[in-house]
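Here is the structure we will look at.
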Amino acid sequence: MYRPRPSFRLFSTIFLCLLLSGVQANHEALRYKSMSFFGLSIKQGLSQVTGNAILQDHVGYVWIGTQDGLNRYDGHDVQIFRHDRENPRSLGRDFINVLAEDPDGHLWIGTRGNGLDEFDPLSGKFHHYLQTRKGGDKSAADIRALEIVKGKVLIGTLQGLFSLDLNTRQIHPVHLADIPSAPPTIHGLLSFPDGRILVASSSGLHHLNLETGSSRPALPHILQNYPGSVEALFLDSRQRLWIATHDQGVLLVDTRTGSLVRQFRHRENDPESLAALTAGSFAEDSQKNIWIGSEGGLNVYLSHSGTLIRIADSRLRPEGLSDHTIRSLYTDPNGTLWLGTHVGGVHHVTPHLVRFGKESPSRYLNSPDKRTLGVAIAPYGDMFIGTVDGLVRRRAGQIPFEPVPVADQTSTVTRSAVYGVYAARDGTIWTGSATGLRRLSPGENRLGPTEVDSPYYFVSILEDKDGFLWLGRPTELLKYDPANRKIVAQLDIPHVYGLLLLDSGRLLVGGLGAIHMVDTNSARILSSLEGSTHGFNTITYLFRTTKGEIWAGTQGDGLFRLDLPPDQDLSRSRLSFFTTRQGLLSNAIGAIQESGDGMLWISTINSISRLDPQSGKIRNFDARDGAFSEGYFIGSGTRDKEGLIYFGGTVGLTFFSPEWINSDPSQPRVIFTGLRLDNQLVTPGEADSPLQQPLAYSRQLVIPPGWSSINLSFSSDNYASPSSQRYAYRLLGQDDSWTETDAENRVASYTHLAPGDYRFQVKTTNLDGIWSSHPGEIGITILPAWYQTAWAWLLFLLAFGGTLYVFIRWRMAGLVKRNIELEKRVSERTRALTDANRKLSHLARTDTLTGLLNRRAF
């Protein structure tokens, strides 16, 4: 037996690693190039379209400095701070260049021409610091850079460096000793974990010792070859220093060795080179890739592969950035990347949670219709997409598509929709459209003339083991001989969408209400599986896994595994269904594909689902994950040799690699954004206001008496997909159960709360729907009215007791008096009765006529 030499095995291993690395790099590049960005501009409430500076504070708000005001964003609403001539505690100037936050949570704002502002979020007031050079030169009031370090605010200006002491709030100029001439313009400041400070200026790069005040040129052995201005600095997580030079590109330096690793330049004929001669901003995402912004556009350095790519803006890609001039870049603690542009507002994306790429192949045909009807990949790697306006092609290793012309069509007006696309074993591409069947032979650039005329479209095409084509259309199934260009058989099976060739050479045909087993030689139906008996209607897709399992998708009954008996008699097959009852979001199936780990990926009418065939566990992906909520077409799906899966939908093409499906590890925090009492917004600091500081910075809320309703609004510090987050709240002391709500209804309302102490809690979900383990909490004390206090109740009790005592005494006195009167009356009545008896006795003994005693007296 032949055994390869160790050197050969080593070479093979290295080659395989390089090949896989190249494939992963290409996938990663495709993923980044296809990312869609969330936009924030005037329509969403931004004060102005230029995002000069972006920062997320310790509470979770995102602050955006523009040319016309300071904006605070909570994922849904924007609050604008502007200069007010009548208010000395307002913003000093609306044109903002840079932002920074100190350890106390104060925001520092560098303005253009009006110095430095400090914003205290607790009081909502601004304090102004205006530094000038001798003679009143206000160039020093034009601030270009800020850095908080060692209890100081370093201030880089148009004319030199200054330092503000956070304890004394005193500003002093910082002289760079290695620059004997006039103070330079400071473009950037960078502090290292060990305390080193680098200063980027119009005179180059300097190392500053803040304790001694001394300075010296930094990296002179490298920068002597790149003299001139240094525009921006950035230190990545691998301790590599990124230096943006003026007109000489970007330098990458290893800070551990002090050596130059690489230089990135702009090249006119290289679309993947640096977007401009000079970069102005940097950021690192959670994947350790470096984003580089410039006036010419946006680049990403893919650290894993060492590849620089360029991100297309809306001039080349509708889903791209709305402006190509990048003013600022910032990555927040949850991994969301923020991009400030010159005239396009602010955009954000969370790269590690971009699970699906999007493309609109029809735009290469200048068509507004984005429907992607069919997709196939040739053996040589080219991809072909069927659209409403024809066929497009992406050549292997490329990203853009190109139109495929039709040989007998000279006018674009007569373009016809391509529904079915199929790649034969020899590399021939077959297309089925409303005008019939056409072929694109290997090496050709035009679709050939119609070979099978048809008033109906061909949506399903399959090649059997003998090279014959099986064509499914709404009326029937055809067997076609491509060598002789003629139809050799016709079967009365309507609406054939699913075709699957078995190892035995037999053909499974899925149509309207049935699956048929067809002998490919005789074109005869051998057996059938009736949907009316087994509970399914139209079959939309048939698929076989690498393990040989057969799966069928339906138009409204989900999907099922088809277990054939040994004799392949369909009528005795066993079916195992998976529907919305088992977890699918829809029972209308478009296509099925298998990933390398054995998972099944299913496109549906409103989502993409992943099914584990072993456990039956289903996970769904919808619009918040990047899938098309508008749905996917029947039969429009495939997988390339590198493992990328493609599904064609109503608004374009979705593609992804299973390795892109990362879990969201974030634990979003809740931001309490507002308080309303009886539907009146409560402003902190106003007379009789229960808020002494903004609600977001409060831990205890005391509500005075007299209010009948309380409304508390909230948001989250996770900006990956604010509109898809869910919230749950409860008021401990009133009700221990959680009340769920969505992002559109982020408010809790309570009426007629009894006086006492409560705890209001809110929790929220991340992109995966996982609830945060530590809810945000604020204590609420409802003060009683004077008549609800303990002293009032004691007074009421005493008053009641006194009243009761008086009443009892009065009642007793009345009873005694009445008794006396009754006794008197009884006595009088007794006397009267006695007198009456005496008189009667006398009358009884005396004769009334004579007055003499009668016989009764004796």
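The values are calculated or read from the model by the stated rules, or taken from the named source; none is laboratory data. Since the model is a prediction, treat every value here as computed from it, not as a measurement. Quick reminder, even Gly has a Cβ in these numbers, built from the backbone with ideal geometry, and neighbours come from all protein chains shown. Quick note on the areas: whole protein, heavy atoms, side chains included, nothing else; ligands and nucleic acids left out. Shrake-Rupley method; radii C 1.70, N 1.55, O 1.52, S 1.80 Å.
Taking Val49, is it within 19 Å of Ser281 (Cβ to Cβ) and in contact (Cβ under 8 Å) with a residue 60 or more places away in the chain?
For Val49, the condition - within 19 Å of Ser281 (Cβ to Cβ) and in contact (Cβ under 8 Å) with a residue 60 or more places away in the chain - is met.
Any idea which of Asp117, Asp84, Asp94, Asp104 is assigned to a strand (DSSP E or B), charged (D, E, K, R) and either more than 28 Å from Thr765 (Cα to Cα) or at pLDDT below 95 (or both)?
Asp117
For the structure I just gave you, tell me whether Ala832 is open to solvent by less than 100 Å² (accessible area, probe 1.4 Å), at pLDDT below 70 and not polar (S, T, N, Q).
no
When you check Val747 against the structure, is it under 20 Å from Gly75 (Cβ atoms), in contact with a strand residue (DSSP E or B) (Cβ under 9 Å, 6 or more places away or on another chain) and open to solvent by less than 10 Å² (accessible area, probe 1.4 Å), yes or no?
Criteria not met by Val747.
For Gln593, all conditions in the list (1) in contact (Cβ under 8 Å) with a residue 60 or more places away in the chain; (2) over 28 Å from Tyr719 (Cα atoms); (3) in a strand (DSSP E or B) hold save one; what is the number of the exception?
Checking Gln593 against (1) in contact (Cβ under 8 Å) with a residue 60 or more places away in the chain; (2) over 28 Å from Tyr719 (Cα atoms); (3) in a strand (DSSP E or B), the one that fails is (1).
With the checklist (1) assigned to a helix (DSSP H, G or I); (2) at pLDDT 95 or above in hand, flag the one item Phe560 doesn't pass.
Of the numbered conditions (1) assigned to a helix (DSSP H, G or I); (2) at pLDDT 95 or above, the odd one out for Phe560 is (1).
One line per residue, one yes/no per condition, for (1) assigned to a strand (DSSP E or B); (2) more than 20 Å from Pro103 (Cα to Cα):
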| residue | (1), (2) |
| --- | --- |
| His128 | yes, no |
| Ala140 | no, yes |
| Glu147 | yes, no |
| Leu161 | yes, yes |
| Pro173 | yes, yes |
| Ser181 | no, yes |
| Gly188 | yes, yes |
| Val199 | yes, yes |
| Leu205 | yes, yes |
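A quick yes/no check of all residues on (1) among the basic types (Lys, Arg); (2) in contact with a helix residue (DSSP H, G or I) (Cβ under 9 Å, 6 or more places away or on another chain); (3) under 24 Å from Met599 (Cα atoms); (4) surrounded by fewer than 16 Cβ atoms within 10 Å (Cβ to Cβ):
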{"site": "Leu512", "(1), (2), (3), (4)": "no, yes, no, yes"}
{"site": "Arg524", "(1), (2), (3), (4)": "yes, no, no, yes"}
{"site": "Arg544", "(1), (2), (3), (4)": "yes, no, yes, no"}
{"site": "Lys547", "(1), (2), (3), (4)": "yes, no, yes, yes"}
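Any residue in segment 375-388 that's more than 18 Å from Ile634 (Cβ to Cβ): show its pairings with residues that are of a type in the set (D, E, K, R) and in a loop (DSSP other than H, G, I, E, B) at Cβ separation under 6 Å, as long as the two are six or more apart or on different chains.
Ile377/Asp640; Asp382/Arg395
Among the residues in segment 722-741, are any touching a helix residue (DSSP H, G or I) at 6+ places or on another chain (Cβ under 6 Å), modelled with pLDDT under 90 and not acidic (Asp, Glu)? Spell out how you get there, then give the answer.
Of the residues in segment 722-741, the ones touching a helix residue (DSSP H, G or I) at 6+ places or on another chain (Cβ under 6 Å) are 724.
The next check asks that each one be modelled with pLDDT under 90; those that pass are 724.
The next check asks that each one be not acidic (Asp, Glu); those that pass are 724.
Yes, the conditions are met somewhere in segment 722-741.
Quick grid of which residues meet (1) basic (Lys, Arg); (2) part of a strand (DSSP E or B); (3) within 30 Å of Pro351 (Cα to Cα):
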position	(1), (2), (3)
Pro665	no, no, yes
Thr673	no, yes, yes
Thr683	no, no, no
Gln693	no, no, no
Ala696	no, no, yes
Ser713	no, yes, yes
Tyr727	no, yes, yes
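What's the number of the condition Tyr73 fails, among (1) under 25 Å from His342 (Cα atoms); (2) open to solvent by 30 Å² or more (accessible area, probe 1.4 Å)?
Looking at each condition in turn, Tyr73 falls short on (2).
If a residue has to be among the polar types (S, T, N, Q) and over 24 Å from the mean Cα position of the chain (by Cα) to count, how many in segment 265-302 make the cut?
Qualifying residue count, segment 265-302: 4.
Give me the pairs, please: first residue somewhere in segment 615-641 and crowded, with 16+ Cβ neighbours inside 10 Å, second residue anywhere and assigned to a helix (DSSP H, G or I), beta-carbon distance under 6 Å, and either six or more positions apart or on two chains.
That search, which allows pairs on different chains as well, returns Arg624/Ser724.
Take segment 395-434 and flag every residue that is touching a helix residue (DSSP H, G or I) at 6+ places or on another chain (Cβ under 8 Å) and of a type outside the set (Val, Ile, Thr).
Gly397, Pro400, Phe401, Glu402, Pro403, Arg415
Of all residues in segment 549-569 being open to solvent by less than 20 Å² (accessible area, probe 1.4 Å) and small (Gly, Ala, Ser), which is nearest to Leu500 (Cα to Cα)?
Among residues in segment 549-569 that are open to solvent by less than 20 Å² (accessible area, probe 1.4 Å) and small (Gly, Ala, Ser), the one nearest to Leu500 (Cα to Cα) is Ala552.
Just give me the residues in segment 209-239 being among the hydroxyl-bearing types (Ser, Thr, Tyr) and part of a strand (DSSP E or B), in sequence order.
Let us first name the residues in segment 209-239 that are among the hydroxyl-bearing types (Ser, Thr, Tyr), namely 212, 214-215, 226, 229, 237.
Residue satisfying the conditions is Ser215 alone.
Under 9 Å between Cβ atoms, at least 6 apart or on separate chains: pull out the pairs that start in segment 217-232 with a residue that is touching a residue at least 24 places away in the same chain (Cβ under 8 Å) and end on any residue that is part of a helix (DSSP H, G or I).
Correct list of pairs: Pro217/Leu223; Val230/Leu223.
Filtering segment 180-214 down to residues that are open to solvent by 20 Å² or more (accessible area, probe 1.4 Å) and among the polar types (S, T, N, Q), which residue is farthest from Leu154 (Cα to Cα)?
Ser181
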